[in-house]
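Asker: Before anything else, here's the structure in question.
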Amino acid sequence: MKVYFIGAGPGDPELITVKGKKAIERSGYCIYAGSLINPDILKYCRMDSKKYNSASMTLEEIISVMEEAKVKNEDVARVHTGDPSIYGAIQEQMTELDKRGIDYEVIPGVSSFLAAASALKQELTLPGVSQTVVITRIEGKTPVPTTEKLEKLAETKATLCIFLSIKEINKVVSVLKPIYGESCPAAIVYKASWKDEKVIISNLANIADEAIHGHIEKTAIILVGNVLSKNFEYSKLYDKHFSHAYRQET
Ligand code: SAH
């Protein structure tokens, strides 16, 4: 018996890994993050599997379902949105499983910031512009350490992928504008990879107004950075003047 923490991907049910899908298919129990998971993912569940929506459950309730599965010697598919290591609240579940000697494995998934980059047809690391991607959020009920406040991270001028913050878009913009500049490109991807995905491509001067007019209030990633201007140097990787271990100069 094992608990599988599975990254279901950002929404499109085809964006789950083969390994994640197989684990869902064979598990007798499925505990899924109902607020964000595409219900189509649940079609992969075994016909007779017991399904629980974790959105309305406490940690204790989730763990007790896992304990029940252990007694019945059934695997558990614990299905999280995107990749479970990003704002997934999996660490506490794993700590509780350690205490009970219940075996588990983490199966990664496509995080929503990667689906957002895909929707924008955008590389997040462009030579001469930015070689760093920052995954962050504005403080909500979960505090953000002072050393990681958006104004501090902004000093890097790196590509920012801001989760869980669309409701605070005005605050995000007011913090970033003095550092990145009003004309710095910014984008919002709502429900990346879902059928009702929406994309806004703008700049820091206008993005907040556009999000508000577009009624985008949840399930969105904010991307900010000069990579979005696509003004960059071509990479050395495929440059004919450079050789490397896999390709000799001709
Ligand atoms: N583990 C998830 C993130 C969970 S936190 C992942 O790797 O993607 C929930 C936040 O993720 C949302 O508030 C939103 O900022 C973002 N999010 C999740 N799914 C999304 C999607 N399909 N499109 C855009 N943002 C999404």
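Asker: Rounded to whole Hz and in sequence order, give me ³J(HN,Hα) for the range 25-32 from the Karplus expression 6.51 cos²θ - 1.76 cosθ + 1.60, θ = phi - 60°, writing x for Gly and Pro.
Answerer: 4, 9, 7, x, 10, 9, 10, 10
Asker: In the full protein assembly as shown, how much of LYS70 is accessible to a 1.4 Å probe, in Å² to the nearest 10?
Answerer: Here the accessible area works out near 90 Å².
Asker: Can you bin the range 88-131 into rounded, prolate or oblate? Criterion: square roots of the alpha carbon gyration tensor eigenvalues sorted a ≥ b ≥ c, rounded for a/c under 1.5, prolate for a/b above b/c, oblate for the rest. Write out the running numbers ahead of the final one.
Answerer: On the way: a/c = 4.45, a/b = 3.05, b/c = 1.46.
Since a/c reaches 1.5 and a/b is larger than b/c, the shape of the range 88-131 is classed as prolate.
Asker: Using only DSSP helix segments of four residues or longer, with each worth -39500 (n - 2.57), what per-residue ellipticity at 222 nm results for the chain after dividing by its residue count and rounding to 500?
Answerer: Details: 7 runs with 64 residues, N = 250.
So the calculated ellipticity at 222 nm is -7500 deg cm²/dmol.
Asker: Separate question: Test of understanding: what is the full-extension gain from THR146 to GLU233, defined as 0.36 nm times their sequence separation minus their Cα-Cα distance?
Answerer: Working: separation 87, 0.36 × 87 = 31.32 nm, distance 3.44 nm.
This chain segment gains 27.9 nm when fully extended.
Asker: Using a Cα-Cα cut-off of under 24 Å, which lysines could be cross-linked to LYS152, ignoring same-chain neighbours fewer than 8 residues away?
Answerer: Partners within reach: LYS141, LYS167, LYS171, LYS177.
Asker: Taking only Cα atoms of the range 112-229, what ratio of Rg to Rh do you get with Rh as the Kirkwood inverse-distance radius? Don't jump to the answer; show the numbers that get you there.
Answerer: On the way: Rg = 13.0 Å, Rh = 14.0 Å.
Using Cα coordinates only, the ratio equals 0.93.
Asker: What's the local net charge at PRO143, with K and R +1, D and E -1, over the other residues with C-beta under 13 Å away? List each step's numbers first, then the result.
Answerer: Working: positive: ARG137, LYS141, LYS149; negative: GLU139, GLU148.
Overall, the nearby charge balance is +1.
Asker: Putting +1 on Lys and Arg Cβ atoms and -1 on Asp and Glu Cβ atoms, find which of LEU97, LEU15, THR58 reaches farthest to the positive end of the dipole of the range 3-107.
Answerer: LEU15
Asker: Now, a different point. Please state the charge dipole magnitude for the chain, taken about the Cα centre, from unit charges on C-beta atoms (+1 on K and R, -1 on D and E), reported in debye and rounded to the nearest 20. Mind showing how you got there, number by number?
Answerer: Working: 31 positive and 32 negative charges, 64 e Å.
Computed about the Cα centre, the dipole is about 300 debye.
Asker: Whole-Hz ³J(HN,Hα) for each residue in the range 53-66, computed from phi via Karplus 6.51 cos²θ - 1.76 cosθ + 1.60 with θ = phi - 60°, x for glycine and proline: what do you get?
Answerer: 8, 6, 4, 9, 10, 8, 4, 4, 5, 4, 5, 5, 5, 5
Asker: Using amide H atoms built in the peptide plane, which far-off residues or other-chain residues are under 5 Å from ILE6 H to H?
Answerer: HN-HN under 5 Å from ILE6: ARG78, VAL79, HIS80, ILE107.
Asker: Ordering LYS99, LYS141 by accessible area with a probe of 1.4 Å, largest first, what comes out? All intermediate terms of the calculation are to be shown ahead of the outcome.
Answerer: Values: LYS99 140, LYS141 210 Å².
From most exposed to least exposed: LYS141, LYS99.
Asker: Please compare each pair in LYS50/LYS70; LYS21/LYS43; LYS51/LYS99; LYS21/LYS191 to a cut-off of 19 Å on the Cα-Cα distance and tell me which ones are over it.
Answerer: Numbers: LYS50/LYS70 13 Å; LYS21/LYS43 10 Å; LYS51/LYS99 24 Å; LYS21/LYS191 21 Å.
Beyond 19 Å between Cα atoms: LYS51/LYS99; LYS21/LYS191.
Asker: Rg over Rh of the chain, using C-alpha atoms and the Kirkwood radius, what does it come to? Write down the numbers at each step before the final one.
Answerer: Numbers: Rg = 20.6 Å, Rh = 19.9 Å.
Computed over Cα atoms, the ratio is 1.04.
Asker: Considering amide H positions built from the backbone, and no H for Pro or chain starts, which residues 5 or more places from SER111, or on another chain, come under 5 Å of its amide H?
Answerer: Excluding prolines and chain starts, which carry no amide H, the hits are ASP83.
Asker: Could you tell me the extents of the range 1-76's C-alpha atoms along the three principal axes, largest first, rounded to whole Å?
Answerer: In descending order, the Cα extents are 33, 24, 19 Å.
Asker: I would also like to ask the following. Roughly how much of HIS241 is accessible, in Å² to the nearest 10, using a 1.4 Å probe?
Answerer: Rounded to the nearest 10, the figure is 120 Å².
The values are calculated or read from the model by the stated rules, or taken from the named source; none is laboratory data. Note that the structure is predicted; figures quoted are calculated from it, not measured. Positions of Cβ are backbone-derived with ideal geometry, glycine not excepted, and every protein chain shown enters the neighbour counts. The protein model used for the area step is the full one, side chains on, heavy atoms only, and it has no ligands, DNA or RNA in it. Shrake-Rupley method; radii C 1.70, N 1.55, O 1.52, S 1.80 Å.
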